[in-house]
Amino acid sequence: MIKPEKTINGTKWIETFQINAEERATLEDQYGIDEDIIEYVTDNDESTNYVYDINEDDQLFIFLAPYALDKDALRYITQPFGMLLHKGVLFTFNQSHIPEVNTALYSALDNPEVKSVDAFILETLFTVVDSFIPISRAITKKRNYLDKMLNRKTKNSDLVSLSYLQQTLTFLSSAVQTNLSELDRLPKTHFGVGADQDKIDLFEDVQIEGEQVQRMFEIETQVVDRIDHTFNSLANNNLNDTMKFLTIWSLTMAVPTIITGFYGMNVKLPLAGMQYAWMLTLGISVALIVAMLIMLKVWRKM
């Protein structure tokens, strides 16, 4: 979809999302955007990047934003969004229609301190970077809950939730890192040439915010990995205890089976003619079981 034109202090802004083939052709024919650029900026597999075309004087920004698969389960991936400065017109491409990107764009548009298209771009990037923080806080809350479950019975649902957290952290921490790397590089590109003090301050603000978000996700990743290790250790210990109990139980059950099997043979056996021979076999079985358990205890196998 191509939305109606808006203006950012005299600069035209054309917002697009989930564009189809017909709308791609419109961008090519009406605005003269190259087909390769449209393919590039709408590719959901692209990573963070900044490209400057010295011939056309075009500037292309691609950054990653969080994209919710299931907010309740905290299942997130990342999707790219693009901004293109082409012939004095700003085009934004939000092909996945990411809510956080829409919020960032209109927050920058409504900001009275945004007085240029460069400030609009940096304010948008700042808000997108900032959108990772609520997700990190939700992960912290979920992680604290799972941590408490370590002292209780571990359930498969808890393990699945932990797996979702690890997947989300993998996607988001990687995106935060690549975004920050590009934000650090951006002032050294054509976009940062001749920057005034206000623009320099915006660069610093978005970089500081990116570093803060990166630290938050690094800590969360380490803690969640530690919890996962603890879950695995507890599961292994519980399995070992279960196997130990079953082994001892099978050994104790083997003793009466051997004794009764021996005296169950159809031949004449010692003490078989006694009136209470069955009590004798029972006593032998109990004595052997007790002796075996004592030996296991002495050898610290129990």
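Structure notes:
- Split the accessible area of the range 1-126 by element, probe 1.4 Å, and carbon with sulfur accounts for 44%.
- Three-way shape label, the range 1-65, alpha-carbon gyration tensor, a/c 1.5: rounded
- Listed cross-link partners 115/142; 71/155; 142/188 are compared with a 30 Å cut-off, the Cα-Cα value being larger for 115/142; 142/188.
- Normalised per residue, the volume of the convex hull around the Cα set of the chain (Å³): 210
- Sequence-distant residues sharing a close amide H with residue 58 (under 5 Å, placed H): 53
- The protection proxy used here, the mean number of other Cβ atoms lying within 10 Å of each residue, ranks peptides 32-45, 230-243 as follows, highest first: 32-45, 230-243.
- Value at 222 nm in deg cm²/dmol, rounded to 500, when DSSP H runs of n ≥ 4 in the chain each add -39,500 (n - 2.57): -21000 deg cm²/dmol
- Cα shape, the range 20-119, gyration tensor, a/c 1.5 rule: oblate
- Shape of the range 174-221, Cα gyration tensor, a/c cut at 1.5: oblate
- Membrane-span-like helices of the chain, defined as complete DSSP H segments with a Cα extent of 24 Å or more along the helix axis and a mean Kyte hydropathy of at least 1.0, are identified as 277-298.
- Around residue 220: net Lys/Arg minus Asp/Glu count, Cβ-Cβ under 14 Å: +2
- Over the chain, accessible surface divided per residue gives 58 Å², non-protein components excluded, 1.4 Å probe.
- Under 12 Å, Cβ to Cβ, from residue 235 - net charge with Lys/Arg +1 and Asp/Glu -1: -1
- Taking amide H as placed 1.01 Å from N in the peptide plane, residue 67 has its amide H under 5 Å from the amide H of 77, 78, 79, each at least 5 places away in sequence or on another chain.
- Summed residue charge, Cβ within 12 Å of residue 116's Cβ, Lys/Arg positive, Asp/Glu negative: -3
The values are calculated or read from the model by the stated rules, or taken from the named source; none is laboratory data. Note that the coordinates shown come from a computational prediction; the quantities given were computed from them, not determined experimentally. Don't worry about glycine lacking a Cβ; one is built from the backbone with ideal geometry, like all the others, and counts go over all protein chains shown. Just so you know, the surface numbers come from the protein's heavy atoms only, side chains and all, with ligands and any DNA or RNA stripped out. Shrake-Rupley method; radii C 1.70, N 1.55, O 1.52, S 1.80 Å.
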